[in-house]
Structures are given as structure tokens and as C-alpha cells.
Amino acid sequence: MAEESFLSDEFVSQLTAVGEVDIVVGLPTFNNRDTVQRVVNAILVGLVKYYPRQRSVLINPDAGSKDGTTEAVQAASIPDFRAVLAASPLRTMHVVSARYSGVQGESEALRMVFAAADLLGAKACALISPDLESITPEWIDALVQPALKDGFDFVGPVYQRRRFDGLLVKNLLHPLIRAAYGYQIEEPVGREVALSGRLASYFLGDQSHREDFPGLGAFEWMTTAAMAGGYRVCQAFLGPRVTVSRRSALDLNTTITDVAGSLFRCLELHQSYWIARQKCEQVPTFGFQPVLDLDPVRIDRKRMFQMFSSGVDQLRAVLEQILSPGTLEAIIAVAKLEERQFRFPDDLWAKTVCEFAASYHHSVINRDHLLQALTPLYRGRVSSFILENGRAGSDDVERKLESLRQEYERLKPYLIENWNRNVR
Amino acid sequence: MRTTSSSPNIASESAVPGADPLWYKDAVIYELHARAFHDSNGDGIGDFPGLVQKLDYVQELGVTTIWLLPFYPSPLRDDGYDISDYTAINPAYGTLENFRELLEQAHRRNLRVITELVINHTSDQHPWFQEARSSRDNPRRDWYVWSDTDDRYRGVRIIFKDTELSNWAWDPISKAYYWHRFFSHQPDLNFDNPAVIDEIWKVMQFWADMGVDGFRVDAVPYLVEREGTSCENLPETHEVVKVLRRRLNEKYPMIFLLAEANQWPADVRHYFGDGDEFQMAFHFPLMPRMFMAVKLEDRKPIMDILQQTPDIPETCQWGIFLRNHDELTLEMVSDEERDYMYDMYAFDAGARLNLGIRRRLAPLMDGDRRRLELMNGMLMSLPGSPVLYYGDEIGMGDNIFLGDRNGVRTPMQWSGGWNAGFSAADPERLYLPLLSNPVYGYQTVNVEAQRRTDHSLLSWMRKLIQVRKSSRAFSRGGIEFLQPRNHRVFAYIRTLGTDRVLVVNNLSRSAQPVELDLRAFEGYIPVEMFGGNPFPRIGRLPYLLTLAPYGFYWFRMRRL
Amino acid sequence: MRELVISNLRGALTAVTGILAEAVPRVLAMIIIIVAGWVIAWIAEFILRRLLLLARFNRLFESKGVTRALSVAALPSPSEMISRIVFWCIWVAFILVGINALGVVALQREVSDFVYLLPQFIVALLIIFFGFLAANFFSRAALLAAVNANSPSPRLVSGFVRFLILLLAVTMALERVGLGRGVVLVAFAVAFGAIMMGLAIAFGLGGRHVARRILERRFAAGGERKEEKDEEASHL
């Protein structure tokens, strides 16, 4: 019996009607009626303004919205582009909405977008979030141009961040990926990315680990798989990323479980690549990045510290199974410091992360529990980071982050050694 | 196999049969210049007797009307549009007697003849201008538009921007400026002067009395000027037209007026008035969009312009065309669209002229037979009376190096022999050199060779025109657009009473599937009009068709 | 009289000899069966252990944390445990067959009772084993959740969860082997109910302000967990 396709007849029929295209823009949605119209308008204006001669299609996989999101997407046409631009579209603009089972999560939506890109022979495929408030038509150009015209396979975003924004990315994801994979990619879980047609086809074919990377993990997987697969990687400056997101409702614990867990799984998947990788290279960055010192995000540092020190105390027995005795002792020692003297040094933090990664690989305890045990330690690191850099300018903060990244790089042999050893 | 041509059916009566005053709605018009068609006296220039010799060919082609480009006496600095005598024939093309003979022979073959009425301006060699400039007191002074300064009518656009710097020219004789919207040697007539209108009417009567069936009025929008306006499409211009039309209707009800007004459809609409101005007007903006649609492989440009096209009075008709004696004008498109057209069709800057492209149809289509068929198929099936430019029926090429728009006005290619069968003169004497390159040269592209085969472009064009004439839904029917999801397919239904024709065009270079919503025609049987084969009956489900690259279908919808 | 005594003695001797003649072969048979069973069981254990090691059987359990849990409980690895279980199963079976071979009716009845009870006993052991694993797992999960939610006394919560699960497991195991079935069940029900009631009272009465705040935060529109929200929104 023939295997059942994950593409519905209606979706395939719509794609057939669209025919061959140059650009696919994927916009997965679920109950985003409030924001999606503006996002769709920005995409359409961007396509007309920057790619008026290219054939393009907006693919909107929807997980079963009940608030009229797909209707809003279809209705979000611009009656007169001349009010916005000095041009009218040369070509018919296509917007294809299709329902998918939300049970499988966002990776299913991405799979549909990749399938569309593959079937329609797209040269470039961009992915956009439906809850963006800060998107402009220029984002389309920034993402698509390197893939469409400059021969890059993966285009990651660079956002304009407020100070202390994205600390998990800056303290864990970015430096660990940089040290392991050897690419200085700013936003490894960037949700606005672009792929070349051939990379989209590759991702479509390699869906064997789909279920291992829920939510944002899918984007981490794409980023690391592109690097490990030898594809040409670059990044493009987009601007500030402001969303109306339900993700903010996800607590830190779940976030760390998702993204750190996905990252460790990526390390497992690509171990033959990153263990052998020696060098670390800059990633070409397109776009003009203004130097703006934006107001810092407000974080309750004291509460962070309190949760860290009580967490270390309460989870000692668990941490003993994950960390080496020396590292654990050092953590216990810093947890005992006064809050104002508290410092979670770069080397200790980097070592902690490396040991967590290795322990995750060896499944010393249940993996979910292992990731949850990382949360209080991360809180400690955040508290220390804010205390150290509270009054520092953006240049100083950048220097400190650079030294953290170099610490990770220095510890790569340590990571490899722990990764390859037998279980204690 | 040689295709034998049927002998012309010369009617016993010389008058054109039928008294239908709306005959122009069913017309298939063939535009040609007597100079370019056939030379009878071996001087290297085509003439009316030569044209008469080729009327059988024109009749066999299937067209119903000949549109003659200006043949009046002229210094020929604008290919005859600079007229120096309105009621005579340029001696190079023949005499008035020759012209009368042409009319008679054409009418015998059921062919009508329309001529040019270039009334916006004359040549500066015209006696009227010579008199007008001789002194400020001359009675004809006021027949033209004069000014002591070139400040008047500021901001009015220059049409021939590649050659002219101003709409005013200095006359050294009468020491004043005169107004010209075209070349500086073509001063504009002053239609605020009733004497000018009366004189023009006399000219019209002259040719109408001779038997001409219609007038194509050149450069209509620019007849009247007013300060503080664009000097185009002014209400006063419409008044002039109404006057001429009224007089024409009273005396010559079968003669029709065709407007050349290169404007947006909404602006051209005014030239139909309430059925009391022009009976026909060219739909300029449609033409470049047909070319754009085929390159983009997207029906959007055509759909947009046709949906913007307003309804016109019942007695009126659009004139639609692909190419003509001028450049492929890109005035009525946006900057983005113009850039696209230049990049796609005129990458060689030598092909560009005056916001247009000076190439013929076949080179624009890269000599692609399928695209030529598709474009002609749309020309013959969209609403309006189609105008075919001489030579396009055999796929003639062009020569952009001949200067101005001469590259598309080269001699007709009749055969592969001496001077392409156009003239017995020495080749150096021809009014313009023949095309001789291996792709489009007369040895390869000519009537004689194409007559011999059933599958030639010429044979196909004959068949196309014949099929078009088999249904009045094309010429007089309404249009309803279908909008299948496949944007590469342009489909519509032409309806006149119970006569319904479904037209489906594939604008893409690759084969395409399309599902058409034909529920309104459930139970009908589509009969393909070229082969006569019935297709599956239409049901409730979307009607699936597959089309070859650049393929099209015409289906007559039969209910049995 | 002497002949009677001698005859009786001879008769008794003959009877004893007869019994012995009957019993000794049976005992010998029993011993042979038991020894043979040991040998077979040992061979089976040896082969199985090597096969499981070759097939890296233990890896299957590593990711679930079973290996770790067993070592914490000072238990051998899964492959070792299974090999040992197989050894004992085979040998015990041979022992039972051997005992049966003795032909002592009373013993045969005990053997059959034992055989009947054995599966229940094994199930009970399994229940306790898995209960132990579950207790470890869930108590750790509770500990981590409580720590990350900044709840008071995470260790107390974790211990409580462990206690409850173990209690449940032991009760189920005892119930399986039929030991004081009714009493154990009732005792468990009472204990469990009392604990739940106590918690409800403690929380509802003593902690009613806390309860109200928690409910308000859950159901109020916006503003709840504001600090958490500020904190969470910036990490990615």
C-alpha cells in the first residue's frame, strides 16, 4: 500500500496552481489574528518592493486556528500598492493557506514549507513568525538576498538587542555552538531565517529527527545542521525583534529544557563533525547595524540569586550525578557568597555547561531532569552577569561576552574528553 | 504542395455589400503603407497600382479592411505624417486616378479602405503654413498657434523627447514662436479657429466622396491647447470631434472615425462620447501588457488593464493591435513596467526610441512560432476589432539600424527572388533596404514560400482569421473572465446571445494544467473550433484542461 | 516368642529395606536432578550473560536511568540481573522437579502450593522494584519542579512523593501475595485519606491566603507573575 502523504490534496492542488517560483515565504500560524495581517502586509510589500520580477508565494501552514487567522491571512491584501510604494506588483501574488495537525508541532509546519519550496523549485525560502510587531518590508530583502543572489544556503538573523536581552543565547547557546561548530553565529535560535532551495530540500529529506526538536528546537537543529552539513552560512541584520508572543508565557524551566535540550541533542547528532572541527570562523554579516545602546531589560537579579543558591543546596544530590566533584564544589562555594559579592566566573560557568552536555550525552540521569537541574545554575549565572555588567556600556559588555566565548573555545578539549569517556 | 489560391470573387456590383453601419465592429483591419507593399513601375517605391496587384493576397488572407498609412504629398520628414497637401496623392505612390482604381478593386473584393486624417498638424511646407508665416496679418495667420514667447503652456510634456527640446519652435520669417506637439517641422493647426474646422471638413468630404470607408484620425488628444492644462484631452477637443462626427453622420453614415489617442482607457472613453464622437479608438495600454504577460507568464497585467477598461457605447468598438508602424509605445505603463519591458524585449538600447521599442512582432517573440500564434490568438479573441500590421502575418523581421522607426517599415517580402518580389528596380533604389539576414531575410521569410505549405505561419493566420470570422461573439460579444487558480492561464468567455466561445490561453513556456469553474455551463459540450472536435461534456466538477506550452483553445459551447 | 520377635524383626527389616530400596533411588534421582539442574542453569546463565553483553543490552536502560538507579540501590546491572534470574528460575524448577521425584505426597502438595505462589511472589517483587524506580524518578521530578518554581521546602515535597509511591508499591505487593489482604488495604486507604485530608485542611485553612493569591494569579487577566514574565521574556 502506498505511504500516506503528509500533504493534503487541497494543498498540493493549490501548489500546482502556483507553479514554479523563485521565492517561498513560510508563515506558520496558530491563533495569530491580531498580528498576522500586518506581518503579511510587510511580507507582500517587501516582495513587491525588492523582488518585483521574481515569482513568489506565501505559504501559511496553520495548526487549526479558531480565531479566524487564516481568513485574516487571505484577506491581508493591499488594494493599492501605490499608496505604499512607487510601484504596482507586476505579477499575481499568491497566498496559500493549509491546515496541518498541530499535534506534531511546528516542525510539521516547517516540513510543509520545505515541501512547497522543493516542489515549486524555489531558489530561496524564508521563514517568518506571525507574531512580529517590529517586522518591516526590509526584513524580506535582508533575508532573501543572500540566499537568492549571493549563493548562501543559510541566512540567520541578527537582532538589535536591548541590554540583558537574550542572556540564555549569549551565555549558553551562542558560545557553545561557536566553540563546538566553529561558526560565530549570533542567533542560533533565530526564528526569522532564510534557506537556499537546496538546503530546504535537504531538510525536507532529513526529517528523521523531527520529533526530537519541538518548538524552537527545530530552528536550532536547522542552524546546526546547516553548519555541520558544510553549507554556506551567513547572517543578516534585521532590527529589533518585538513580538506579541505566547512564548513569553513559557517559564524559564521549559525554555531551558527545550533549547538546551535541543542543543545537546544537536551535539549528539553532529558529534563526528564538531569533535573533528578545529577552527572557528566569522560568519559574513549583511546589513547595516546601528550602534545603539538600548535600555536594558528589567530582571529581578536578587530573586535570581536566591533561587540559585537555594537550588544548589536542594539539588546537591542530583548535581553530584551530573557534575564532577571539583565543579560542584566550586559551585557550592560561590552559592555561599553574599549576594553583593556573588560572582559566577566565566570559566566555571563554561565548565558547568560542558559537563552538563557530556552528562546529557551519557544519560547519567533522566534527560529532562538533567536539563531542569541546569535552570537554577543558569539563574545564578544571570544574576552574576547583571551584577558585573549593570553599569557597563555596550562595548564593555561585548568584550566580556567575547572573553566568555573564548573560554568556551578553550574548554572544547575538555568537553570532548568528557563526551568520549565511559560513564562514571 | 502548392496551395492554389481561389480566384477572387469579383462581384457584379462594385459597391461594398451590406448596409450595416456597424460594419467596423466585425472588421479585421490590415495596416499597410502603399510605399512598402508593392512597386509596379520599378522606381523602388511601392505604389497604388502595385497594391492593386496584391489585393487578391489581401483578400485571401481574410482581412476585411485595409488601413492605408499617409500617402499625401509630403517632404517625408516624418514618413508622410507631415502633410503638405491634403487632397492629392504623393506622386511617388501614384495619382488620384490610381487611388480611385484601388478603391474600386478593393470594394469588389469586399474590402473596405480607411485612410489617415492627420489634422493636428501639417508640414511646414504646406501652403497654409507658408502663408501663415509670411506675415502676422495674413488671413491664415490664425490657422496655427503662435506666440511671441515660449512661456505659454508651460509644463506640457514633449512627445518626441529623443529629438525635440521644446513644444515651441522659432519661426525666423515671422519672428514668432509656433506650437508643435511633434516634430518642429510639423506646426499644430489651431482648432479654435472655425475656418480650420471647416477646411478639415472639406478635406474629409473630398475623400468620402471618392469612396473611402473610414478615417483614422491621428494625434487626436492634442487638437486644442489651453493655458494651465496638459493640453491633452481637453473638452474643446471633444467639441471639435463632435462637430466633425455630426457632419459625417448626416452625409456619410457608413463612414467611421477611428481615434488614435494614446491614453489610459478611462481617458480614451471620453472619445466615444455618448456615441457621438469616434466609433472606434485604439486600446493602447492593452498592447504592451500582452507582451508583458507572456514574459511574466502571468495574466495579471492583461486582467488589470481590461478590468480598468470602462464600458463603451453599444455602437462603439475598441481597436486592438500588437504592432504597428510606430514604436511599441510604453507611455501608458509604470516606470517599473517600462524597465521590465526594456530588459526583456529591448536589451539592446538601439531598439529603444521615444519611450518605446522599435521592433516587429516576430523578433520580439524571438521568432518563436508558438508565441506568435498565442499572441495572434489573443489579438483575434479579445474584445475589439483586431489590426494586423503588414508583414506580421508571415513573421517579418526588422532592422533597428535604419533610424527612427524605419526598421519596421521595410519592403514587403513576397518571394525569395529579385528584391523579394517587391520591385523590379535596382536594389540600391529601394526606398528602404530589404532585410537580408539569414533568420528574417526575404530569402527565408516570404509569402511565396509560406503559401506552399499548410503549416506555414501565413496559412495558420488565414485559418485563424477564418475561424474568428465564423463567430460574431468575438467581434460583438461581451466578455466574462474566468480566474482559475493557475495564474499562467488566461481564460475568458465571449458571449453574443446564445453564441458562446470559451477561450483558454497558456501564457507559459511549459505545459500547464488548469481547472475551470464552468458550472454555469453544465451540460454544454465544448467543440474545439480549429479542429471541430467535441470535448468532454461539462459537469459540476471543475473542468480540467491541459495546455501545451503557449497553447490555446477556442471552444464553441454547444448545447445539444 | 523368639521366632515371633525374629519374624517381626525380619518383617520390619524387610519393610525398612523395602522403604529404603524405594526411597534411596528417589533421593538419588532428586540429587541428580538438582545437580543437573544447577549445571544447566549455570550454563544458561553464562551463555545469556555473554549474549546480553555482546548485544550491549545494558545500553537500552542507560538512557532511562535504570542502570544508575540500580547501582544506587546496590543492585547489579540489568544484564547481570536477568542472567541471575534465569539461573535461579531454571535451578528452582529443577529443584521442584527433584522434590516431586521424591514422591512424598505432603511434599508434593507443598511444592504445588509453592509453584502456585511463586508467580505472585515474583510479581510482588517486580511491583516493589518498579515502585522503587518510580519513587526515585518522581521524587526527583518533584524536587526539581519545586526548586524551579521557588516553592518552599522542596525536599519535603520530594520526600513526601517518594514515601507515597513506596507506600503504594508495598501495599500493592503485599496485596498480591495475599498477606493480610483486607487489613493492609484498609490501612493504606485510611493512611492515604488522612494524609490528603490533612493537606487539604492545612492548605485550605492555614494557607487560605496563599491559596487565594495562587488562584488570583492563575485566573486574573494580565499582571500575574509579572516578575516572572519580565524575566522570562528576555532570555531568548
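The values are calculated or read from the model by the stated rules, or taken from the named source; none is laboratory data. All figures in this text were calculated on a predicted structure; none of them were measured in a lab. Positions of Cβ are backbone-derived with ideal geometry, glycine not excepted, and every protein chain shown enters the neighbour counts.
Kindly establish whether A:Arg343 is more than 30 Å from A:Val193 (Cα to Cα), in contact (Cβ under 8 Å) with a residue 24 or more places away in the chain and buried (at least 17 other Cβ atoms within 10 Å of the Cβ). Break it down into steps so the answer makes sense when it comes.
On the way: more than 30 Å from A:Val193 (Cα to Cα): yes; in contact (Cβ under 8 Å) with a residue 24 or more places away in the chain: yes; buried (at least 17 other Cβ atoms within 10 Å of the Cβ): no.
Considered against the rule, which asks whether it is more than 30 Å from A:Val193 (Cα to Cα), in contact (Cβ under 8 Å) with a residue 24 or more places away in the chain and buried (at least 17 other Cβ atoms within 10 Å of the Cβ), A:Arg343 comes out as no.
Would a scan of region A:68-77 turn up a residue that is in contact with a Ser or Thr (Cβ under 7 Å, 6 or more places away or on another chain), away from chain B (no Cβ under 14 Å), among the small types (Gly, Ala, Ser) and touching a residue at least 40 places away in the same chain (Cβ under 8 Å)? Working first, answer last.
Step one: filter region A:68-77 for residues in contact with a Ser or Thr (Cβ under 7 Å, 6 or more places away or on another chain), giving A:69-70, A:73-74.
This time we only want the ones that are away from chain B (no Cβ under 14 Å), so: A:69-70, A:73.
From what's left, among the small types (Gly, Ala, Ser): none.
Within region A:68-77, not a single residue is in contact with a Ser or Thr (Cβ under 7 Å, 6 or more places away or on another chain), away from chain B (no Cβ under 14 Å), among the small types (Gly, Ala, Ser) and touching a residue at least 40 places away in the same chain (Cβ under 8 Å).
Within region B:18-47, can you find the residues that are touching a strand residue (DSSP E or B) at 6+ places or on another chain (Cβ under 9 Å) and not in a loop (DSSP other than H, G, I, E, B)?
Of everything in region B:18-47, those that are touching a strand residue (DSSP E or B) at 6+ places or on another chain (Cβ under 9 Å) and not in a loop (DSSP other than H, G, I, E, B) turn out to be B:Trp23, B:Tyr24, B:Lys25, B:Asp26, B:Ile29, B:Tyr30, B:Glu31, B:Leu32, B:Ala34.
Table: residues versus (1) under 24 Å from B:Ala281 (Cα atoms); (2) within 14 Å of another protein chain (Cβ to nearest Cβ).
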site: B:Trp318; (1), (2): yes, no
site: B:Leu322; (1), (2): yes, no
site: B:Glu327; (1), (2): yes, no
site: B:Tyr340; (1), (2): no, yes
site: B:Gly356; (1), (2): yes, no
site: B:Pro363; (1), (2): no, no
site: B:Arg369; (1), (2): no, no
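Please tell me if B:Glu528 is under 16 Å from B:Leu382 (Cα atoms), surrounded by fewer than 22 Cβ atoms within 10 Å (Cβ to Cβ) and not basic (Lys, Arg). Quick ask: steps written out before the conclusion?
Details: under 16 Å from B:Leu382 (Cα atoms): no; surrounded by fewer than 22 Cβ atoms within 10 Å (Cβ to Cβ): yes; not basic (Lys, Arg): yes.
No, not satisfied.
State whether the residues of region B:197-212 include one that is without any contact (Cβ under 8 Å) to a residue 12 or more places away in the chain and not charged (D, E, K, R).
no
Pick from A:Ala142, A:Ala126: which is within 15 Å of the chain's Cα centre (by Cα) and modelled with pLDDT of 95 or more? Before the answer, list the steps.
Values: A:Ala142 fails: within 15 Å of the chain's Cα centre (by Cα).
Exactly one of A:Ala142, A:Ala126 is within 15 Å of the chain's Cα centre (by Cα) and modelled with pLDDT of 95 or more, namely A:Ala126.
Can you tell me which condition A:Ser394 does not meet? The list is (1) away from every other protein chain (no Cβ under 14 Å); (2) surrounded by fewer than 18 Cβ atoms within 10 Å (Cβ to Cβ); (3) touching a helix residue (DSSP H, G or I) at 6+ places or on another chain (Cβ under 8 Å); (4) in contact (Cβ under 8 Å) with a residue 60 or more places away in the chain, and all the others hold.
(3)
Is it the case that some residue within region B:117-127 is of a type outside the set (Val, Ile, Thr), touching a residue at least 24 places away in the same chain (Cβ under 8 Å), crowded, with 21+ Cβ neighbours inside 10 Å and part of a helix (DSSP H, G or I)?
At the first step, the residues of region B:117-127 found to be of a type outside the set (Val, Ile, Thr) are B:117, B:120-121, B:123-127.
Now drop any that are not touching a residue at least 24 places away in the same chain (Cβ under 8 Å), which leaves B:117, B:120-121, B:123-127.
After this cut, where a residue has to be crowded, with 21+ Cβ neighbours inside 10 Å as well, the list is B:117, B:120-121, B:123-124, B:126.
The next check asks that each one be part of a helix (DSSP H, G or I); those that pass are none.
Scanning region B:117-127, I find no residue that is of a type outside the set (Val, Ile, Thr), touching a residue at least 24 places away in the same chain (Cβ under 8 Å), crowded, with 21+ Cβ neighbours inside 10 Å and part of a helix (DSSP H, G or I), so the answer is no.
Does region C:124-153 hold any residues that are in contact (Cβ under 8 Å) with a residue 12 or more places away in the chain and within 12 Å of A:Gln314 (Cβ to Cβ), and which are they?
Result: C:Arg140, C:Ala142, C:Leu143, C:Ala146.
Suppose we keep only residues that are at the interface with chain C (Cβ under 9 Å from one of its Cβ atoms) and closer than 20 Å to C:Ala146 by Cβ within region A:297-312. Which one would you say is modelled with the lowest pLDDT?
Start the filter on region A:297-312 by keeping residues that are at the interface with chain C (Cβ under 9 Å from one of its Cβ atoms), which leaves A:297-300, A:303-304, A:306-307, A:310-311.
Those still in the list that are closer than 20 Å to C:Ala146 by Cβ too: A:300, A:303-304, A:306-307, A:310-311.
Values: A:Asp300: 82, A:Arg303: 86, A:Met304: 87, A:Gln306: 89, A:Met307: 90, A:Ser310: 91, A:Gly311: 92.
So, considering only residues that are at the interface with chain C (Cβ under 9 Å from one of its Cβ atoms) and closer than 20 Å to C:Ala146 by Cβ, the one modelled with the lowest pLDDT is A:Asp300.
Residues checked against (1) of a type in the set (Lys, Arg); (2) away from chain A (no Cβ under 14 Å); (3) closer than 24 Å to B:Asn533 by Cα:
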| site | (1), (2), (3) |
| --- | --- |
| B:Gly407 | no, yes, no |
| B:Ser415 | no, yes, no |
| B:Trp418 | no, yes, no |
| B:Ala425 | no, yes, no |
| B:Gln443 | no, yes, no |
| B:Glu448 | no, yes, no |
| B:Arg451 | yes, yes, no |
| B:Ser470 | no, yes, yes |
| B:Ala473 | no, yes, yes |
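For A:Gly230, work out the one condition from (1) on the phi > 0 side of the Ramachandran plot; (2) within 14 Å of chain C (Cβ to nearest Cβ) it doesn't fulfil.
(2)
Taking the residues in region B:295-316 that are assigned to a helix (DSSP H, G or I) and under 30 Å from B:Leu68 (Cα atoms) as candidates, determine which candidate is farthest from the other protein chains (Cβ to nearest Cβ).
Quick first cut of region B:295-316, residues assigned to a helix (DSSP H, G or I) only: B:295-296, B:300-308.
So of that shortlist, the ones also under 30 Å from B:Leu68 (Cα atoms) come out as B:302, B:305-306.
Working: B:Ile302: 11, B:Ile305: 11, B:Leu306: 15 Å.
For region B:295-316, the residue satisfying everything is B:Leu306.
List pairs: first residue in region B:495-521 and more than 12 Å from B:Tyr550 (Cβ to Cβ) and within 14 Å of chain A (Cβ to nearest Cβ), second residue among the hydroxyl-bearing types (Ser, Thr, Tyr) and part of a strand (DSSP E or B) anywhere in the structure, Cβ distance under 6 angstrom, at least six positions apart or on different chains.
Final answer for the pair search is B:Pro513/B:Thr546; B:Leu516/B:Tyr543.
Test of understanding: among A:Asp153, A:Asp165, which residue is away from every other protein chain (no Cβ under 14 Å) and charged (D, E, K, R)? Talk me through it step by step, then tell me what you get.
On the way: A:Asp165 fails: away from every other protein chain (no Cβ under 14 Å).
It is A:Asp153.
Looking at A:Asn389, is it at pLDDT below 95, under 25 Å from C:Phe138 (Cα atoms) and either among the basic types (Lys, Arg) or out of contact with any Leu (no Cβ under 8 Å at 6 or more places or on another chain) (or both)?
Values: at pLDDT below 95: yes; under 25 Å from C:Phe138 (Cα atoms): no; either among the basic types (Lys, Arg) or out of contact with any Leu (no Cβ under 8 Å at 6 or more places or on another chain) (or both): yes.
In short, no.
Can you tell me which residue is farthest from A:Leu148 (Cα to Cα) among those in region A:22-38 that are buried (at least 23 other Cβ atoms within 10 Å of the Cβ) and hydrophobic (A, V, I, L, M, F, W, C)?
Step by step, filter region A:22-38, then rank; the result is A:Val36.
Select from region B:141-162 the residues that are in a helix (DSSP H, G or I) and acidic (Asp, Glu) and list them in ascending order.
Kept after step one, since they are in a helix (DSSP H, G or I), are these residues of region B:141-162: B:141-143.
Hit for region B:141-162 is B:Asp142, nothing else.
Restricting to region A:314-351, count the residues that are modelled with pLDDT under 90, touching a helix residue (DSSP H, G or I) at 6+ places or on another chain (Cβ under 8 Å) and among the acidic types (Asp, Glu).
Here the count works out to 1.
Inspect region B:313-323 for any residue being of a type outside the set (A, V, I, L, M), buried (at least 21 other Cβ atoms within 10 Å of the Cβ), under 19 Å from B:Arg157 (Cβ atoms) and within 16 Å of the chain's Cα centre (by Cα) and give the result as yes or no.
Taking every residue of region B:313-323 in turn, none turns out to be of a type outside the set (A, V, I, L, M), buried (at least 21 other Cβ atoms within 10 Å of the Cβ), under 19 Å from B:Arg157 (Cβ atoms) and within 16 Å of the chain's Cα centre (by Cα).
What do you reckon, is B:Ala261 closer than 23 Å to B:Ile357 by Cβ and either in a loop (DSSP other than H, G, I, E, B) or basic (Lys, Arg) (or both)? Before you say what the answer is, go through the steps one by one.
Values: closer than 23 Å to B:Ile357 by Cβ: yes; either in a loop (DSSP other than H, G, I, E, B) or basic (Lys, Arg) (or both): yes.
Spelling it out, B:Ala261 is indeed closer than 23 Å to B:Ile357 by Cβ and either in a loop (DSSP other than H, G, I, E, B) or basic (Lys, Arg) (or both).
If we keep just the residues of region A:402-424 that are within 19 Å of A:Arg161 (Cα to Cα) and crowded, with 18+ Cβ neighbours inside 10 Å, which is farthest from the chain's Cα centre (by Cα)?
A:Leu404
I'd like the full set of residues that are touching a Phe, Trp or Tyr at 6+ places or on another chain (Cβ under 7 Å) and on the phi < 0 side of the Ramachandran plot, limited to region B:37-60. Don't jump to the end; show me each part of the working.
Step one: filter region B:37-60 for residues touching a Phe, Trp or Tyr at 6+ places or on another chain (Cβ under 7 Å), giving B:37-39, B:44-48, B:50-51, B:54, B:58.
If the condition is that a residue be touching a Phe, Trp or Tyr at 6+ places or on another chain (Cβ under 7 Å) and on the phi < 0 side of the Ramachandran plot, then B:Phe37, B:His38, B:Asp39, B:Ile45, B:Gly46, B:Asp47, B:Phe48, B:Gly50, B:Leu51, B:Lys54, B:Val58 are the ones that fit.
Among the residues in region B:405-413, are any at negative phi, outside any helix (DSSP H, G or I) and charged (D, E, K, R)?
Within region B:405-413, the subset at negative phi is B:405-413.
Next, only the ones that are outside any helix (DSSP H, G or I) stay: B:405, B:409-413.
Subsequent filtering for residues that are charged (D, E, K, R) retains B:405, B:409.
Within region B:405-413 (the criterion being at negative phi, outside any helix (DSSP H, G or I) and charged (D, E, K, R)), the answer is yes, since at least one residue qualifies.
What are the pairs with Cβ atoms under 6 angstrom where one residue, in region A:297-322, is assigned to a helix (DSSP H, G or I) and the other, located anywhere, is among the small types (Gly, Ala, Ser)? Sequence gap at least six, or different chains.
These pairs meet every condition: A:Arg301/A:Ser383; A:Met304/A:Ser383; A:Phe305/A:Ser383; A:Phe308/A:Gly380; A:Ser309/A:Ala335; A:Val312/A:Ala335; A:Val318/A:Ala373; A:Ile322/A:Ser359.
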